[in-house]
Amino acid sequence: MRKLVVLGIALSFVTAASADFFDDFDSYADQAAFDAVYTQIYPTVPLLLDQTMGYSDGQSVNPLGPNNNYERRAYMNLGAEYDGTDAQPLVFEFMFKLDDAIDWWSREYFEIRGYTGVGYADGDLQELIALGVTSSGVDTTMYNARVMNGAGWVNLTTKTTDWVKLSAYIKTATVELFVDDNLFQTSARPAGVTFDCVVLGSGLSTRVNTHFDDLNVEIVPEPASLMLLALGALALRRR
């Protein structure tokens, strides 16, 4: 019976490893609490916790546009390497709001990235997927997305000043790009490349104030990670 209990705990750990990360930014008491979770890439010009506006509640992330957001950017490591398959996509999504949908010079987005190491800037950048808006080589009246080793920057749908949900479904060799759960683009991407961090904000100048909220990453461990967990469960069973 003891072996069965131990095995059950180990198998629960294997199952729990396929977890969701969600942040509505409402739990942070102040900027310092936010900075304890997200590392500021340029600490002297931090990405801001906005306690006056949010989609799901009263708080969100604000790069402090217009014209003031140079280098405002932060990241968080996911703690492991994650990938998606056709059967179990890796989902990266968040809520996004523009104060002005007309201005063409808008450059703000969130990214999910994968490095050869174990997190942000550890080794070479293998892949990044960005969702938001940009002003170079795209239709600036639309929301945009980027798959670095796929289609590059692409157009999604017409911008508004409403909150919208931007989503990327990362599958075995493709990325499906959505706005408000409607599919607008599909891009190829290298199979087997994993993701290990999220980057908030573009770090670029813009003339439009923006807000981000309800960051969601539904993460499925890569097969190698699952194998290690399964081996650990097997070792416990043998004991």
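The values are calculated or read from the model by the stated rules, or taken from the named source; none is laboratory data. Treat the numbers as computed from the prediction; the structure is a model and nothing was measured. With ideal geometry, Cβ positions are generated from the backbone for all residues, glycine too; neighbour counts draw on all protein chains shown.
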Discussion item. Take the residues in region 99-117 that are acidic (Asp, Glu) and crowded, with 21+ Cβ neighbours inside 10 Å; name whichever of them is modelled with the highest pLDDT.
Written reply: GLU111
Practice prompt. List the number of the failed condition for TYR120; all other conditions in (1) in a loop (DSSP other than H, G, I, E, B); (2) surrounded by fewer than 19 Cβ atoms within 10 Å (Cβ to Cβ) hold.
Written response: (2)
Item to complete: State the number of residues belonging to region 70-102 that are within 20 Å of GLY201 (Cβ to Cβ), part of a strand (DSSP E or B) and among the hydroxyl-bearing types (Ser, Thr, Tyr).
Response: 1
Practice prompt. Kindly establish whether SER27 is assigned to a loop (DSSP other than H, G, I, E, B), within 21 Å of the chain's Cα centre (by Cα) and modelled with pLDDT under 95.
Written response: no
Item to complete: With respect to PHE212, determine if the residue is at pLDDT 75 or above, closer than 12 Å to TYR82 by Cα and not hydroxyl-bearing (Ser, Thr, Tyr).
Response: no
Item to complete: Please tell me if VAL193 is in a loop (DSSP other than H, G, I, E, B) and modelled with pLDDT of 95 or more.
Response: yes
Worksheet item: Could we say that GLU93 is under 17 Å from the mean Cα position of the chain (by Cα), of a type in the set (Asp, Glu) and modelled with pLDDT under 95 here?
Response: no
Worksheet item: When region 146-180 is examined, which residues are found to be charged (D, E, K, R) and either outside any loop (DSSP other than H, G, I, E, B) or at pLDDT below 95 (or both)?
Response: ARG146, LYS165, GLU176
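Yes/no per residue for (1) modelled with pLDDT under 95; (2) touching a Gly at 6+ places or on another chain (Cβ under 7 Å); (3) β-branched (Val, Ile, Thr):
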| residue | (1), (2), (3) |
| --- | --- |
| SER56 | yes, no, no |
| VAL61 | no, no, yes |
| LYS97 | no, no, no |
| LEU131 | no, no, no |
